[in-house]
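> Okay, handing you the structure first.
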Amino acid sequence: MKKVTIVGAGRVGESTAHNLAKSELCREVMLIDVKDGVPQGAALDIQESAPQFGFDTKLRGSVNLKDMAGSDLVIVTAGIPRKPGMSRSDVLDTNLGILYGIVDEMLKVAPDAKLLIVSNPVDILTYAAWKRTGWSRNRIFGMAGVLDSSRMASFIAMETGYSVKDVTAMVLGGHGDTMVPMIRFTCINGIPVSEFLSLEKIEEIIERTRGGGAEILALKQTGSAYDAPAASVTAMVSAISDDRKRILPCVAVLDGEYGEKDICMGVPVVLGENGMEKVIDLELTENESAEFKRSIKSIRADMERLTT
Ligand code: NAD
């Protein structure tokens, strides 16, 4: 890709910009924020690390959304993050207004872009962006499952003591309390995790994964997680920019898969140069299906707030 714009030069946005630049996943990274000086300063700071890291990606910062012009990919990390005790849904109204402002300008200046939503509540904002643009669903997707799976894999590695390089975890469903960890697809080098951990331990890990964001928020108090989120966004950008056809859990618009339509949900998808190229429609067990439906119900409850 030539140009990637990140709107929202806060913690996740800045860390993502650094990752993209260092990995040379595009030629130019544009960082945009409403706070004058912040995106420009962040871009310059990262640019000055180039001689040390040996990358020649160009970075620019701006407070003007028009500078999204010509982007191949726009990543939305703008918004207010949760404070301790707040749920992701509590920030919906504010972040929805911010999202619409970005999307409306993007439609004018970067009509051929793809759109990756990170801001919360990510399932609802991805759906709202899809509706607002009228674009085909392959061009709009959200980041949640890569992060949730990454957290779960980390906890499994910590618990077993085995290398995280061998752990694969799969998390579906909404981002938050209703996420659906898929234990039967969670393995250590192909061996089901149940061979290594008791059911009780696995349940503990699932609960810790569900509260993974809140755990970090409670520890830091004044800021939420950004390193693992930015790394997860970077994995998705790499899949698209290098047309890797990776199968990653992402927030995607469902069109009949899992028996659902007209909703955004965390499901395994194929990510490649065309964006979200395919939803992998898995047959769910009775238990998984019940959890998935619970997740759908909670997302639909939030979706109702889009029209009221
Ligand atoms: P942050 O407060 O550090 O950064 C947000 C930035 O957005 C701020 O710099 C703010 O000035 C900017 N902003 C606000 N309104 C804007 C607008 N209209 N245009 C451009 N910029 C604007 O927050 P953060 O920790 O970087 O988190 C960013 C978002 O990502 C939050 O909504 C957070 O909940 C979400 N998040 C999602 C995931 C996920 O898994 N999907 C993970 C982590 C964070």
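> For the range 246-265, how many residues meet the condition of being in contact (Cβ under 8 Å) with a residue 12 or more places away in the chain and touching an Asp or Glu at 6+ places or on another chain (Cβ under 7 Å)?
Number satisfying all stated conditions: 6.
> Something else about it: Read through the list (1) surrounded by fewer than 24 Cβ atoms within 10 Å (Cβ to Cβ); (2) away from the ligand (no atom under 15 Å from the Cβ); (3) without any contact (Cβ under 8 Å) to a residue 60 or more places away in the chain, then give the number of the only condition that SER23 fails.
(3)
> Tell me which residues, restricted to the range 26-37, are under 20 Å from LEU65 (Cβ atoms) and either assigned by TED's automatic domain parsing to the domain that holds THR222 or open to solvent by 60 Å² or more (accessible area, probe 1.4 Å) (or both).
Narrowing the range 26-37 to residues under 20 Å from LEU65 (Cβ atoms): 26, 28-37.
Matches in the range 26-37: VAL34, LYS35, ASP36.
> Restricting to the range 240-252, give me the number of residues that are within 16 Å of the ligand (Cβ to nearest atom), crowded, with 24+ Cβ neighbours inside 10 Å and among the aliphatic types (A, V, I, L, M).
2
> Which of the following residues is surrounded by 17 or more Cβ atoms within 10 Å (Cβ to Cβ), over 23 Å from GLY161 (Cα atoms) and in contact (Cβ under 8 Å) with a residue 40 or more places away in the chain: ALA230, ALA218?
Result of the check over ALA230, ALA218: ALA230.
> Could you count how many residues in the range 209-239 are of a type in the set (S, T, N, Q) and within 11 Å of the ligand (Cβ to nearest atom)?
Selection size over the range 209-239: 3.
> Okay, next question. Taking ARG151 as meeting all but one of (1) within 19 Å of the chain's Cα centre (by Cα); (2) of a type in the set (Lys, Arg); (3) at negative phi; (4) away from the ligand (no atom under 16 Å from the Cβ), write down the number of the exception.
The single condition ARG151 does not satisfy is (4).
> Buried (at least 19 other Cβ atoms within 10 Å of the Cβ) and either aromatic (Phe, Trp, Tyr) or more than 13 Å from CYS250 (Cα to Cα) (or both): is that true of GLY142 in this structure? Lay out the reasoning, then the answer.
Values: buried (at least 19 other Cβ atoms within 10 Å of the Cβ): yes; either aromatic (Phe, Trp, Tyr) or more than 13 Å from CYS250 (Cα to Cα) (or both): no.
When the stated conditions are applied, GLY142 does not pass them.
> Take the residues in the range 101-127 that are within 15 Å of the ligand (Cβ to nearest atom), surrounded by fewer than 21 Cβ atoms within 10 Å (Cβ to Cβ) and touching a residue at least 40 places away in the same chain (Cβ under 8 Å), then tell me which one is farthest from the chain's Cα centre (by Cα).
By that ranking, first place goes to VAL109.
> Can you find a residue that is modelled with pLDDT of 95 or more and surrounded by 19 or more Cβ atoms within 10 Å (Cβ to Cβ) anywhere in the range 192-201?
yes
The values are calculated or read from the model by the stated rules, or taken from the named source; none is laboratory data. All values derive from a computational prediction rather than experimental measurement. Here the Cβ is made from the backbone with ideal geometry for all residues, glycine too, and neighbour counts use every protein chain on show. These accessible areas exclude ligands, DNA and RNA; they are computed on the full protein's heavy atoms, side chains included. Shrake-Rupley method; radii C 1.70, N 1.55, O 1.52, S 1.80 Å.
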